[in-house]
Amino acid sequence: MKKLLSLIIAIAMMFSIVSAVAEEAGVYDGKLVILFTNDFHGQVMQNNSDGRIGYAELAQYKKDAQATGAEVLLFSAGDDIQGAPIVNLSKGEKAIEFMNLVGYDLMTAGNHEFDWGIDNLLQLKEKMEFPIVVANIYRQSDNEKIFDSNKIFELKNGMKIGVFGITTPETMTKANPENIKNVKILQGEEMFAEAQAQVDELKEKGCNLVVCLAHLGVDDESTGNRSLDLLEKVTGIDLLIDGHSHTLLYEKVGDTLHMQTGAYGSSIGAVIYDGESLKGDFIQARKINSSLSELLSGIKHKDEEVDAVVNSYYDEIMEVLSAKFAETKVLLDGNRAPGVRTQETNLGDFCADAILWAANKNYNGTVDCAITNGGGIRDSIQIGDVTMNDMKTVFPFGNTVQILQLNGAEILEALEAATFSTPEASGAFPQVSGIVFTLDTSIAYEQGEQYPNSTYYAPAKPGSRVIIDTIAGEPFDVDRVYTVATNNFTAAGGDTYYVFGYRNALTGYNTYLALEDALIQYTEEVLEGVIGEQYAVPQGRITIK
């Protein structure tokens, strides 16, 4: 009787679902629905505890929207292939496999699409069942564009939707410079001119709606290359779908609707276009805001095929990565701001200590100190069991421990440049071991010359905001040559660390030990599997006035 009752309930639910879809069918005939995401960062699994939407649910949203009679397009504003181990272990290939299943129609590249190099991205492009558009990226060798600039979608009702892509110029320093050799990314006025040319071309080709997929963001750190800067200079964009700054954003800038969904699947963007007007909103874990309540049927289920594929692969890798190898007695703070991008944290200390220890273990000589960029630390570690997955989530980029010979003046320049925006957040903010320094934020940062192939500027007066007290327990000497451990991203000149890139070419030694493996080995061999009270609070290496 219980089985029979369950069957009757299941059939009744099925009919209610079909009826709900049928009621909506035809409501949006002739209209366009654009669904979009940004900065998913491999968070492809639904997470009910914090309301994240996974790929299986996203795929069902697209089907639900199609059931209303609308034509539906699904776009991504970038940063899809990197972030969580489920996509990192395949260097983004699994992310593309999942996106194909979900039914994406178009994406632009975020800076993290380049984390495993331009060649890897071009290989992934061949596996995509949808186009990737970027208008402002060229090969340096022949000044030819690497990707298509735009895509025109012709709808059944005769409308044309033109979409072009723009990638943040910060890719030049947010990605490992070694990974984007022979790549030129237009910035500032050149980028604005390219965007205007794209708008003009799409209008000339008869597009009724012009959409910009812009992985630019609105952070002050990006001033000069933000989506807001672009909208001040470029006219004719009807809809700008943004990314990069992880902002939940809905605003009208002139005649342009400007939207961004936050990050990690916290929401889906949705826009309805009827040929004359745009209406937009966000969908958050089946909580549909009022202006779009009539759009979707509200069916609370997932696409079964996508769900099965994603969960199968997730179970496979988590079996390996989820085994406990240590424990922590304290919460290790990996928050962005306030956190590793604005100040010293206990997790920053732990990571820098592990890098310094691993460098000394793998180098024929004494390493004096370690510097790692706070933006490379991507998550906190909660109290309790610690797994390899935790460590790979903290350091998801596959970066390695690298050793440089730097004189005191170069270290001072690096620290001054890396703290240029403090107290505002910057991914360059240094977490250190073996260094004690003071930063005075009441003194304004003075820009010198712009670093080559960078969006950052050298400090005009190194030492005006930063005073280094000691390195390796000894008073700081501006002329002394120090042996410094860092990661291969900053060693190549990533973020604000251009001075490191110059020295890397002369003195760099790569241990090829992954940062996450340095954390694992340090925890096992030095801490004997227990992260305890020594990391309960930051250890006072950085004083900020």
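The values are calculated or read from the model by the stated rules, or taken from the named source; none is laboratory data. Just so you know, these numbers come straight off a predicted model, no measurement behind them. Cβ: placed from backbone, ideal geometry, glycine included. Neighbour counts: every protein chain shown.
Quick notes on this one:
- Evaluated against (1) modelled with pLDDT under 60; (2) in a loop (DSSP other than H, G, I, E, B); (3) not charged (D, E, K, R), Ser16 falls short on exactly one condition, (2).
- Residues considered: Thr455, Thr507, Thr483. Of these, the only one that is assigned by TED's automatic domain parsing to the domain that holds Gly374, at pLDDT below 95 and farther than 26 Å from Ser222 by Cα is Thr507.
- Selection of helices (runs of 4 or more DSSP H) fully inside region 303-417 by the criterion of at least 3 residues being in contact (Cβ under 8 Å) with a residue 40 or more places away in the chain and under 22 Å from Gln431 (Cβ atoms) returns 346-361, 388-394.
- Failed item, numbered, when Ala485 is tested on (1) touching a residue at least 12 places away in the same chain (Cβ under 8 Å); (2) surrounded by fewer than 18 Cβ atoms within 10 Å (Cβ to Cβ): (2)
Yes/no per residue for (1) crowded, with 18+ Cβ neighbours inside 10 Å; (2) at positive phi; (3) assigned by TED's automatic domain parsing to the domain that holds Ala536; (4) out of contact with any Ser or Thr (no Cβ under 9 Å at 6 or more places or on another chain):
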position	(1), (2), (3), (4)
Val310	yes, no, no, yes
Glu327	no, no, yes, yes
Asp333	yes, no, yes, no
Asn346	yes, no, yes, yes
Cys351	yes, no, yes, no
Tyr363	no, no, yes, no
Ala370	yes, no, yes, no
Gly375	yes, no, yes, no
Gly384	no, yes, yes, no
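- Condition met for Leu248 (touching a helix residue (DSSP H, G or I) at 6+ places or on another chain (Cβ under 8 Å) and either of a type in the set (A, V, I, L, M) or on the phi < 0 side of the Ramachandran plot (or both)): no
- Pairs with Cβ under 6 Å, 6+ apart, first in region 53-72 and assigned to a helix (DSSP H, G or I), second polar (S, T, N, Q) and at pLDDT below 95: Glu57/Gln46; Asp64/Ser297
- Checking each residue in region 262-301 for being within 24 Å of Gln46 (Cβ to Cβ), hydrophobic (A, V, I, L, M, F, W, C) and at pLDDT 90 or above picks out Ala263, Ile268, Ala270, Val271.
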